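J.: Before anything else, here's the structure in question.
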Amino acid sequence: MTKITPQPGIMEIDLYVGGKSTLAGRDDVLKLSSNENPLGAPDAAIAAIRAAAAEVHRYPSTDHAELRAAIGEVHGLDPARIICGVGSDEVLQFVTQAFAGPGDEIIHTEHGFSMYPILTHMAGATPVCVPERARVVDVDEILNAVSERTRLVLIANPGNPTGTMLPEGELERLADALPAHVILVIDGAYTEFADGYDGGAILAETRPNVLMTRTFSKIYGLGGLRIGWGYGPKDMVEVMTRIRQPFNLSELQLSAGQAAVRDRAWVENCAALNAEQRARLTLALRQLGVACDDSHGNFVLARFADEAEALAADAALQADGIIVRRVAGYGFPEGLRITVGDAAQTGRVIDVLTRWREDM
């Protein structure tokens with residue numbers, strides 16, 4: 001009798017574990033483990049969701065034309081080169097499955113987003129992990145790992161969980177040095193928090209092998225709806241569209257995304273709040289003797305003396321009802337990734353860690 005077996009690579013996948021959201025016995029939990037916007041979603045998006053709810057018996061559009069037009073209008077991009085997905089994760093899935101398979105390799109970096117090897121295995125390809133330099137993507141390490149089997153390079157800029165950024169000159173050097181058969185995918189989930197950064201839009205506009213991805217889950221506060229998009233060469237997007245489910249986004253998602261992307265005042269306000277509180281949290285951590293790089297996201301990676309100290313700090317935070325993210329799986333057993341909250345939330349984190357340090 002023939003045994004049913006999964007496709008190659010499937011059993012190599014470690015299940016993704018999201019940020020913890022509850023603590024036993026507490027109903028006053030402050031969740032700072034998933035890099036969510038402390039201000040929630042813009043009022044315009046909430047209103048759009050309510051209005052769209054009356055039409056949920058209708059099928060949504062299959063081409064996402066209105067959402068792509070709104071994104072293109074706001075960011076100055078060609079809507080024909082935009083593809084939308086269920087979060088940017090799905091766009092990353094499109095590009096890996098469309099352009100890689102068994103016998104191919106996909107490069108990611110040692111502290112890169114944990115979905116990258118998962119997506120690689122889903123495509124049946126082989127993940128190739130390269131070192132970073134001081135928690136920053138290293139262009140030379142990537143280029144040294146490229147082979148005839150390489151099909152994609154996946155990097156997050158700003159990085160998660162590091163918060164560090166590859167300078168735009170280095171990003172351009174990487175794009176230009178890659179062979180023509182290799183696609184550079186720039187995961188820009190945290191682009192809006194990095195002042196003056198375009199997320200790789202110019203590279204995706206001008207290079208034949210660069211794809212940029214973005215999300216509505218972070219600064220727009222729509223993580224619960226799962227909306228993302230990508231931008232790249234038209235022929236690449238057309239290939240990816242062939243494997244996209246025709247109704248992958250609901251009318252609620254499409255309507256909320258259109259309203260959110262047009263609310264530029266909301267984005268500016270959230271980015272300003274994040275920059276202010278991120279600097280405050282970073283300074284406080286350093287004053288407490290906790291190492292952390294300058295972050296360009298909406299979180300800070302706090303690096304303690306060792307794993308035991310990180311666990312002790314985490315226990316102190318949880319005792320006060322605060323949940324942050326342990327990141328041992330990303331190569332930082334000594335680290336805690338702390339989402340930047342509003343002024344009161346940031347103050348609460350600082351107060352707890354200050355008391356913890358004083359009691360050591």
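The values are calculated or read from the model by the stated rules, or taken from the named source; none is laboratory data. Source: prediction; values computed, not measured. FYI the Cβ positions are ideal-geometry reconstructions off the backbone, even for glycines, and counts take in every protein chain you see.
J.: Residues that are crowded, with 22+ Cβ neighbours inside 10 Å and touching a helix residue (DSSP H, G or I) at 6+ places or on another chain (Cβ under 7 Å): which strands (runs of 3 or more DSSP E) entirely in region 105-222 hold 2 or more of them? Spell out the reasoning first.
T.: On the way: elements: 105-109, 126-130, 150-156, 183-187, 210-215.
Here the list reads 105-109, 150-156, 183-187, 210-215.
J.: Also, I was wondering about something else. Got at least one residue in region 300-308 being buried (at least 22 other Cβ atoms within 10 Å of the Cβ), within 29 Å of VAL210 (Cα to Cα) and of a type in the set (Val, Ile, Thr)?
T.: yes
J.: Could you say whether any residue in region 55-76 is more than 25 Å from THR241 (Cβ to Cβ) and either in contact with a strand residue (DSSP E or B) (Cβ under 9 Å, 6 or more places away or on another chain) or among the basic types (Lys, Arg) (or both)?
T.: There is no residue in region 55-76 that is more than 25 Å from THR241 (Cβ to Cβ) and either in contact with a strand residue (DSSP E or B) (Cβ under 9 Å, 6 or more places away or on another chain) or among the basic types (Lys, Arg) (or both).
J.: Then there's this: Out of curiosity, is ASP263 in contact (Cβ under 8 Å) with a residue 40 or more places away in the chain, of a type outside the set (A, V, I, L, M, F, W, C), closer than 20 Å to ASN160 by Cα and surrounded by fewer than 22 Cβ atoms within 10 Å (Cβ to Cβ)? Full working, then the answer.
T.: Working: in contact (Cβ under 8 Å) with a residue 40 or more places away in the chain: yes; of a type outside the set (A, V, I, L, M, F, W, C): yes; closer than 20 Å to ASN160 by Cα: no; surrounded by fewer than 22 Cβ atoms within 10 Å (Cβ to Cβ): yes.
When the stated conditions are applied, ASP263 does not pass them.
J.: So, LEU317, is that one in a helix (DSSP H, G or I), outside the structural domain of GLY221 (by TED's automatic domain parsing) and of a type in the set (A, V, I, L, M) or not?
T.: yes
Each row is one residue, and each column tells you yes or no for (1) of a type in the set (A, V, I, L, M, F, W, C); (2) surrounded by fewer than 20 Cβ atoms within 10 Å (Cβ to Cβ); (3) touching a Phe, Trp or Tyr at 6+ places or on another chain (Cβ under 9 Å).
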residue	(1), (2), (3)
GLN7	no, yes, no
ASP27	no, yes, no
SER33	no, no, no
ASN37	no, no, yes
THR62	no, yes, yes
HIS75	no, yes, yes
ARG81	no, no, yes
GLN93	no, no, no
GLY101	no, yes, no
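J.: When you scan region 304-313, do you find a residue that is free of Cβ contacts under 8 Å to residues at least 60 places away in the same chain, of a type in the set (Gly, Ala, Ser) and over 17 Å from MET360 (Cα atoms), even just one? First the steps, then the outcome.
T.: First, the residues of region 304-313 that are free of Cβ contacts under 8 Å to residues at least 60 places away in the same chain: 304-313.
Now restrict to residues that are of a type in the set (Gly, Ala, Ser): 305, 308, 310, 312-313.
So of that shortlist, the ones also over 17 Å from MET360 (Cα atoms) come out as none.
No, because not a single residue in region 304-313 is free of Cβ contacts under 8 Å to residues at least 60 places away in the same chain, of a type in the set (Gly, Ala, Ser) and over 17 Å from MET360 (Cα atoms).
J.: Is there a residue in region 98-113 that is under 19 Å from the mean Cα position of the chain (by Cα) and of a type in the set (Gly, Ala, Ser)?
T.: Yes: one or more hits.
J.: Report yes if ARG286 is outside the structural domain of HIS111 (by TED's automatic domain parsing), in contact with a Lys or Arg (Cβ under 7 Å, 6 or more places away or on another chain) and basic (Lys, Arg), otherwise no.
T.: Numbers: outside the structural domain of HIS111 (by TED's automatic domain parsing): yes; in contact with a Lys or Arg (Cβ under 7 Å, 6 or more places away or on another chain): no; basic (Lys, Arg): yes.
So ARG286 does not fit the description; no.
J.: Is region 247-256 home to any residue that is among the charged types (D, E, K, R), under 19 Å from SER217 (Cβ atoms) and not assigned by TED's automatic domain parsing to the domain that holds PHE193?
T.: No, region 247-256 contains no residue that is among the charged types (D, E, K, R), under 19 Å from SER217 (Cβ atoms) and not assigned by TED's automatic domain parsing to the domain that holds PHE193.
J.: Being farther than 15 Å from ASN37 by Cβ and touching a strand residue (DSSP E or B) at 6+ places or on another chain (Cβ under 6 Å) is true for just one of LEU317, LEU285. Which residue is that?
T.: Numbers: LEU317 fails: touching a strand residue (DSSP E or B) at 6+ places or on another chain (Cβ under 6 Å).
Answer to the check: LEU285.
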